[in-house]
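Novice: Right, I'll just put the structure down here and ask away after.
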Amino acid sequence: MKLITLLQDEMAQEAATTRKMLSCVPTEKLDWQPHPKSMKMKVLAAHIAELPAWVNMVLNTNELDFANNPYESQDVKNTEELLAFFEKSLKEGEQSLVATDEEEFWEEWTLRNGDQIYSTSSKYEVIRMSYSQIVHHRAQLGVYLRLLNIPIPGSYGPSADEVMM
């Protein structure tokens, strides 16, 4: 099986779970945060929604330099905008995988802030890291939802909320 096919399959699997989780984010709680050091829910959810588009960014650049591109979160106003943003990001990621040559996966890609280099890895490794970031931040979002007593959908099997139903 080709590496592109494996990445497409994984993206589709994670997208289904991510879509379910993002659809649970209540509009009225977008500005909620569990702790002053934590992101607001809308910032966390928007970051999760944007991560599939990182595949496109990685395949079409050689680096991300925060000194030249400061991070700005997508300002979503409601759950519908959040889901639409996710679908747009997902489409970007999917289309870039279809259009790439697997040889590009082995080119180096750097994450930096000016002279400070956070990491240099193959584009393949950075794509896999972005998938892992989706899972990581989705788990954070699950904690936010749990603290608000909002039922959580299962990820790789049923959640405790689904089992109790």
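Novice: Every residue in region 137-165 that is at pLDDT 95 or above and among the small types (G, A, S), please.
Specialist: Selection gives A139, G142.
Novice: Restricting attention to region 114-150, which residues are among the polar types (S, T, N, Q) and in contact (Cβ under 8 Å) with a residue 12 or more places away in the chain?
Specialist: Looking only at region 114-150, we keep the residues that are among the polar types (S, T, N, Q), and these are 116, 119-122, 130, 132-133, 140, 149.
Those that are among the polar types (S, T, N, Q) and in contact (Cβ under 8 Å) with a residue 12 or more places away in the chain: T120, S121, S122, S130, Q133, Q140.
Novice: Which one of these does P70 not meet: (1) surrounded by fewer than 16 Cβ atoms within 10 Å (Cβ to Cβ); (2) free of Cβ contacts under 8 Å to residues at least 12 places away in the same chain; (3) under 21 Å from K40 (Cα atoms); (4) under 17 Å from the mean Cα position of the chain (by Cα)?
Specialist: All conditions pass for P70, except number (4).
Novice: Another question about this same structure. Applying the selection to region 1-31, what residues are outside any helix (DSSP H, G or I) and closer than 20 Å to F85 by Cα?
Specialist: If the condition is that a residue be outside any helix (DSSP H, G or I) and closer than 20 Å to F85 by Cα, then S23, C24, V25, P26, L30, D31 are the ones that fit.
Novice: Of these, I152, I134, which one is surrounded by 17 or more Cβ atoms within 10 Å (Cβ to Cβ) and not in a helix (DSSP H, G or I)?
Specialist: The unique qualifying residue is I152.
Novice: Moving on. Looking at (1) more than 12 Å from V135 (Cα to Cα); (2) crowded, with 18+ Cβ neighbours inside 10 Å; (3) of a type in the set (D, E, K, R), which one does E14 not meet, given that it meets all the others?
Specialist: Going through the list (1) more than 12 Å from V135 (Cα to Cα); (2) crowded, with 18+ Cβ neighbours inside 10 Å; (3) of a type in the set (D, E, K, R), E14 breaks only (1).
Novice: Check V25, V58 and return the single one that is touching a residue at least 60 places away in the same chain (Cβ under 8 Å) and in contact with a strand residue (DSSP E or B) (Cβ under 9 Å, 6 or more places away or on another chain).
Specialist: Answer to the selection: V58.
Novice: Further, regarding this structure: Name the one entry in E63, E50 that is in contact with a strand residue (DSSP E or B) (Cβ under 7 Å, 6 or more places away or on another chain) and surrounded by 13 or more Cβ atoms within 10 Å (Cβ to Cβ).
Specialist: E63
Novice: May I ask you to say which residue of L64, L82, L111 is part of a helix (DSSP H, G or I), in contact (Cβ under 8 Å) with a residue 40 or more places away in the chain and either within 25 Å of V43 (Cβ to Cβ) or not aromatic (F, W, Y) (or both)?
Specialist: L82
The values are calculated or read from the model by the stated rules, or taken from the named source; none is laboratory data. Because the structure is a prediction, the values reported are computed rather than measured. We place every Cβ from the backbone using ideal geometry, glycine too, and count neighbours over all the protein chains shown.
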